[in-house]
Amino acid sequence: WILKLAKPGPFNGRAVLEKQNAEGAARKLIAFELTGRGIPRHGMDCLSGGKKAGVVTSGTQAPFLKKPLGMAYLPVALSQAGSAFEVDIRGKRVGAVVVPKPHYRRAK
């Protein structure tokens with residue numbers, strides 16, 4: 001939605017974007033919440049079936065919601081809301097679940 005691939009002319013990364021557009025993305029950016037104790041941080045591994053499936057891009061403890069939240073890149077197969085996986089937090093595997101991304105409305 002950012003680039004118009006129909007626009008003529010070369011640019012850096014065009015071949016990669018055209019390939020991804022034709023084949024589909026291998027991973028998606030998802031929002032998640034931990035089901036156990038811990039705080040997810042950038043760079044922590046996401047695991048599925050004991051194998052690395054992705055990586056946390058950002059995470060924190062949400063004081064208002066009183067739960068740990070984050071975002072991560074996961075394979076498309078694990079990107080549906082409700083999908084379970086684990087986050088490796090300093091050697092401890094903590095359960096996590098994919099949640100729908102928040103939709104914000106502009107104030108009127």
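A few remarks follow.
- Summed over the residues of the chain and divided among them, the accessible surface reaches 75 Å² per residue at a probe radius of 1.4 Å.
- Counting only lysines at least 8 places from residue 19 when in the same chain, those with an alpha carbon closer than 27 Å to its own are 4, 7, 28, 51, 52, 101.
- Other residues lying with their Cβ under 11 Å from the Cβ of residue 79 contribute a combined charge of +3, Lys and Arg counting +1, Asp and Glu -1.
- Across the chain, Cα-Cα pairs more than 24 Å apart make up 37 percent of the total.
- Using alpha-carbon coordinates, inclination of helix 14-23 to the longest axis of the chain, degrees: 70 degrees
- Student exercise, the chain dipole from Lys, Arg, Asp, Glu Cβ charges, in Debye to nearest 20: 400 debye
- Accessible-area composition of the range 29-108, carbon plus sulfur, in percent [1.4 Å probe]: 55 percent
The values are calculated or read from the model by the stated rules, or taken from the named source; none is laboratory data. Treat the numbers as computed from the prediction; the structure is a model and nothing was measured. Because the Cβ atoms are built from the backbone with ideal geometry, glycine has one as well, and the counts that use them run over all protein chains shown. With ligands, DNA and RNA removed, areas are computed over all heavy atoms of the protein, side chains included. Shrake-Rupley method; radii C 1.70, N 1.55, O 1.52, S 1.80 Å.
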